[in-house]
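The values are calculated or read from the model by the stated rules, or taken from the named source; none is laboratory data. Note that the coordinates shown come from a computational prediction; the quantities given were computed from them, not determined experimentally. Cβ atoms come from the backbone with ideal geometry, glycine included; neighbour counts cover every protein chain shown.
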Amino acid sequence: MSIPLLKYSLSTHNHRVNSFENLPGEEHPKLYTTENLPSSLEVDEIIWASYRQIFSEHQILSVTRQTFLESQLRFNQITVKDFVKGILMSSQFRHLNYDVNNNYRFVEICIQRILGRDVYNEREKLAFSVIIGSRGLESFIDILLNSDEYVENFGDSIVPYQRRRIIFQRNKGEVPFNLKTPRLNYNFLSKQFMPILSWSGPVRRFRPQEQKPKAGDPALFLSMLSDVSIV
């Protein structure tokens, strides 16, 4: 018997901040969609927008590219929603976001990038963390992609985007919450993609005094004097 999703209130400390679409005079974010039979150049933009939203700019690397999914999207074999799910289920997304964070932080990342908003409260993090622990990663992603919130805002053909004007303060200006660099827990630092250098020989630290003096070095002259016995 699977554990049902816990109830949580739809509240946030920014609950009075309206969406883009409800603020007259503000520029609406550009929609990347396949509804109007996009050209090959427009499909490239859709693919880039998907990577930018799901991986965020700091994680767009050559190793995160999903060429097979891109080919399927170009030939209209899958929808944008399928493409987004493929990115989320890729091993690269898992390694860069899931393996290096606890479930609470991972829930926050996914809600920001899939639903285009910040989490409502800690209760929402807890509810979805239980789903990840009891049903697994794919079930959690399916719940978000098949939710009424996702279907009503993005459907099958629109790339997810930031729907709320929530920003993250930094020393150098302000950036949207979905583009901020994830803060990794120190317990997961050992799982980062960093080269590990190993040395099987004895550990020996270099000391400057261990250098042998060369010809013309005053140290060589001083050592010769120390060897001369005084009669």
Please verify whether region 143-154 includes one or more residues that are within 21 Å of Q59 (Cα to Cα) and of a type in the set (A, V, I, L, M).
no
Number of the condition not met by M1 [criteria: (1) outside any helix (DSSP H, G or I); (2) at pLDDT 95 or above]:
(2)
If a residue must be touching a helix residue (DSSP H, G or I) at 6+ places or on another chain (Cβ under 6 Å), touching a residue at least 60 places away in the same chain (Cβ under 8 Å) and of a type in the set (D, E, K, R), how many such residues does region 88-142 contain?
3
For region 70-87, which positions are of a type in the set (F, W, Y) and either in contact with an Asp or Glu (Cβ under 6 Å, 6 or more places away or on another chain) or without any contact (Cβ under 8 Å) to a residue 24 or more places away in the chain (or both)?
F75
Of all residues being among the polar types (S, T, N, Q) and farther than 13 Å from Y161 by Cα in region 53-68, which is farthest from the chain's Cα centre (by Cα)? Just the residue, please.
T67
Kindly provide the set of residues from region 48-87 that are outside any helix (DSSP H, G or I) and within 16 Å of T34 (Cα to Cα), ordered by number.
F75, N76, Q77, I78, T79
Restricting the first residue to region 34-45 and requiring it to be closer than 13 Å to S157 by Cα and modelled with pLDDT of 90 or more, which pairs with a second residue that is among the hydroxyl-bearing types (S, T, Y) and surrounded by 14 or more Cβ atoms within 10 Å (Cβ to Cβ) meet a Cβ separation below 6 Å and a spacing of at least six or different chains?
T34/S157; E35/S157
Look through Q112, Q162 and report the one residue that is modelled with pLDDT under 95, under 23 Å from T33 (Cβ atoms) and assigned to a helix (DSSP H, G or I).
Q112
May I ask you to say which residue of F106, F83, F93 is more than 14 Å from L137 (Cα to Cα) and buried (at least 19 other Cβ atoms within 10 Å of the Cβ)?
F83
